[in-house]
Amino acid sequence: NNIFKMGGLRKKLPVAFWTFLAAGCSLAGVPLISAGFYSKGLIIWDAWSSRIGGDWLWAAGVFGVLLTALYTVRLIFIVFFGEAKSEVHKRPGWAMAVPCITLAVLSVVGGLVETPAFLGNIHSFTDFMHLALPPVHEGATRGMSELGSESLVTLAFLIGIYIAYYFFIQHREYAESLTTPGIAKALHRFWFSDWG
């Protein structure tokens, strides 16, 4: 399926839209509620604070958050917003809807397991997982706290969403003009040919 032949599907396929939105938000790392936010935050913080981590690994992780938010929200905007470019020929039945709804709920409320009240005596799900996973040996945090790292990850997430909104909702002509210069056109063709 070509996503550029789609559009406006949020009203025609509401279950697909809401479940895709929930899963996409978790993938992009919506702050505080999504499972993706906590898993990314923990991985990126460990890249900063671990003895075998470093500044460049941390920066690459934060840049990855920005890119993930950008391409995920771009996909949602292209497929589910704007004008419809094709008709829906087949709607998913319950065999597809039930697993999608289940996964969407878990991907969003999965972040709630990070709250101490959820697990009672165990401080958080991360603490619980540390019982099963090998420990990360933290080195010097070099002037940044975990909250500071999470704040910068959240900022990268918001910048990614804004860029997607700006180029694919507000000014679509800018996105098209970026792919017209020679090198950009060749790179665009290379990506669309599945990397050759």
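Every number in this text was worked out from the coordinates using simple rules, so none of it is lab data. What you see is a predicted model, and the numbers here were worked out from it, not measured in a lab. When we count neighbours, we look across all protein chains shown, and the Cβ atoms used for this are built from the backbone with ideal geometry, even at glycine.
Simple rule: put +1 on each Lys or Arg Cβ and -1 on each Asp or Glu Cβ in the stretch 1-93, find the dipole, and look at V73, T19, A84; the Cα lying farthest toward the positive end is A84. Peptides 65-76, 46-57, 146-157, 82-93, ordered by how many other C-beta atoms sit within 10 Å of their residues on average, highest first, read 65-76, 146-157, 46-57, 82-93.
Amide H contacts of S50 (H built 1.01 Å from N, in plane; Pro and chain starts excluded): G139 sit under 5 Å, all sequence-distant by 5 or more or on other chains.
In this simple spin-label approximation, Y174 and S50 carry label points 7 Å from Cα along the Cα→Cβ vector, and these lie 3.6 nm apart. Take the convex hull of the alpha carbons in the stretch 24-71; its mean projected area over all directions comes to 3.0 nm².
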